[in-house]
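Structure record follows, encoded as structure tokens.
The values are calculated or read from the model by the stated rules, or taken from the named source; none is laboratory data. On a predicted model such as this, the values are computed, not experimentally measured, just so you know. We place every Cβ from the backbone using ideal geometry, glycine too, and count neighbours over all the protein chains shown. Heavy atoms of the whole protein, side chains included, go into the accessibility calculation; ligands, DNA and RNA do not. Shrake-Rupley method; radii C 1.70, N 1.55, O 1.52, S 1.80 Å.
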Amino acid sequence: MDRIHHNFIEVGGLTLHVAEIGTGSNIVVFLHGFPEIWYSWRYQMIALADAGFRVLAPDYRGYGLSDSPAEPSKASFSDLISDLLGILDALNIPKVFVVAKDFGAWPAYYFALKHPERALGIVTLGVPFLPPESVKSVQSIIPEGVYTLRWREPGRAEADFGRFDAKTVVRNVYILFSKSEIPIAQENQEVMDLVDPSTPLPPWFTEEDLATYGALYEKSGFDTALKVPYRSLNEDWGIKEPKVEIPALFIMGEKDYVFKFPEIEEYVRSERVKDFVPKLEIIYIPEGSHFVQEQSPEEVNQLLLTFLAKHISQ
């Protein structure tokens, strides 16, 4: 970890944290999910740097060591795209490969759609490209107790999370999201109540890892993280018929709970997703959870390196 440098870049009036390693001419940007930060890519960053790549992993605005916006309630996915563009411009980087996890799939794909001259290829883990109508459809048919709906309601997650310190919130979400079933609270309970305090962490996630996450969410809080993604899922991206024409890879753990959302598994396995991403390759990891890049880092690292090697000169 000592090899990873920590830069702070002014973008749009905010100071954004960007972890960086490597000096190659081919550049990869990693975008995290929730409840993650740059650190969730620690294994991939080192592996790619050792293979000759320059690697960047920003904390989104309002996450980790990056500044929070003045009004978190007005934060949007579009901000994340503008921030990424601003980081690349500040560093004089013309083109990148983008690797994204969880909700990071949205800013990754829409960055490529809005700025096609800047994106060489895309890899997403856990969440495929989803057109806006699919996102709305899924949200309309899931039970009321699903965490995405509970956390979308202003004030509810704040009250739920507020009963615990940040480290415990991250611990609980990691435990919930590492399972193969969607976290669904009953009418008389909150999402945090789904985790028994005696439940151990996943075996691939250490107390040291948890302490790192906990300290950074203690700093940032959860205000912006609740707005983006959970209260911005129906954001208008301004693109009517999205089609991503660059090479892409989707890595999906077959025990990732995201597969249990209505329509998602059929959409991926039938390859209807290729209607929107024609050059998409799909790879399944049989025992993979939602945190497959931390659970099985060597396997994910090799998949990334193989994809990059195929497309590095194109």
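For V11, the shell of other residues with beta-carbons less than 9 Å away shows a net charge of -2, using +1 for Lys and Arg and -1 for Asp and Glu. Under Stokes-Einstein, with the Kirkwood radius over Cα pairs as Rh, the value for the stretch 1-136 at 20 °C and 1.002 mPa s is 143 µm²/s.
Its DSSP H runs of at least 4 residues, each contributing -39,500 (n - 2.57), put the calculated 222 nm mean residue ellipticity of the chain at -10000 deg cm²/dmol, to the nearest 500.
3J(HN,Hα) along the stretch 165-172, derived from phi through the Karplus expression 6.51 cos²θ - 1.76 cosθ + 1.60 where θ = phi - 60°, amounts to 7, 4, 4, 5, 4, 4, 4, 5 Hz, with x in place of Gly and Pro. Net charge in the neighbourhood of N26 (other residues with Cβ under 13 Å of its Cβ; Lys, Arg +1, Asp, Glu -1) is +3.
Could you work out the per residue convex hull volume over the alpha carbons of the stretch 122-255, in cubic angstrom?
Per residue, the Cα convex hull of the stretch 122-255 comes to 144 Å³.
The local environment of S76, defined by Cβ-Cβ distances under 13 Å, has a net charge of -1 under the rule Lys, Arg +1 and Asp, Glu -1. Close amide H contacts of G288 (hydrogens built in the peptide plane, cut-off under 5 Å, sequence separation of 5 or more or a different chain): E254, K255. The P(r) of the stretch 58-139 has a tail past 15 Å containing 61 percent of all C-alpha pairs. Ranked by the mean number of other Cβ atoms within 10 Å of their residues, highest first, the peptides 88-99, 264-275 fall in the order 88-99, 264-275. Binning the alpha carbon pair distances of the chain at 10 angstrom intervals from zero yields the distribution 6, 28, 39, 23, 4, 0, expressed in whole percent. Shown in residue order for the stretch 96-103 are the 3J(HN,Hα) couplings computed by the Karplus curve 6.51 cos²θ - 1.76 cosθ + 1.60 at θ = phi - 60°: 9, 8, 10, 10, 9, 10, 6, 5 Hz (x for Gly and Pro). Taking amide H as placed 1.01 Å from N in the peptide plane, L249 has its amide H under 5 Å from the amide H of I122, V123, T124, E281, each at least 5 places away in sequence or on another chain.
Using a probe of 1.4 Å, the accessible surface attributed to W38 totals some 20 Å² when neighbouring protein chains are kept in position. Annotation for the stretch 177-211 versus the stretch 88-145: alpha-carbon center distance of 26 Å. Pairwise Cα separations in the stretch 1-78 fall into 10 Å bins from 0 onward with the following percentages, short to long: 19, 48, 26, 6, 0.
Once backbone amide H atoms are built at 1.01 Å from N, V244 has V277 as its partners under 5 Å, excluding neighbours fewer than 5 places away on the same chain. Remark: the chain carries a charge dipole of roughly 680 debye about the Cα centre, counting +1 on each Lys and Arg Cβ and -1 on each Asp and Glu Cβ. Here the peptides 129-136, 146-153, 58-65 are ranked by packing, the mean other Cβ count within 10 Å, and the order with the highest first is 58-65, 146-153, 129-136.
Bridge orientation summary for the chain: considering DSSP beta bridges with both residues in this region, about 35 percent are antiparallel.
Result for the chain in a Gaussian network model with C-alpha springs under 10 Å: among A70, A49, A19, the largest mean-square fluctuation is at A70.
Here the Karplus relation 6.51 cos²θ - 1.76 cosθ + 1.60, evaluated at θ = phi - 60°, turns the backbone of the stretch 190-207 into coupling constants of 9, 4, 4, 6, 6, 9, 6, x, 8, 5, x, 5, x, x, 8, 10, 8, 4 Hz, with x for every Gly and Pro.
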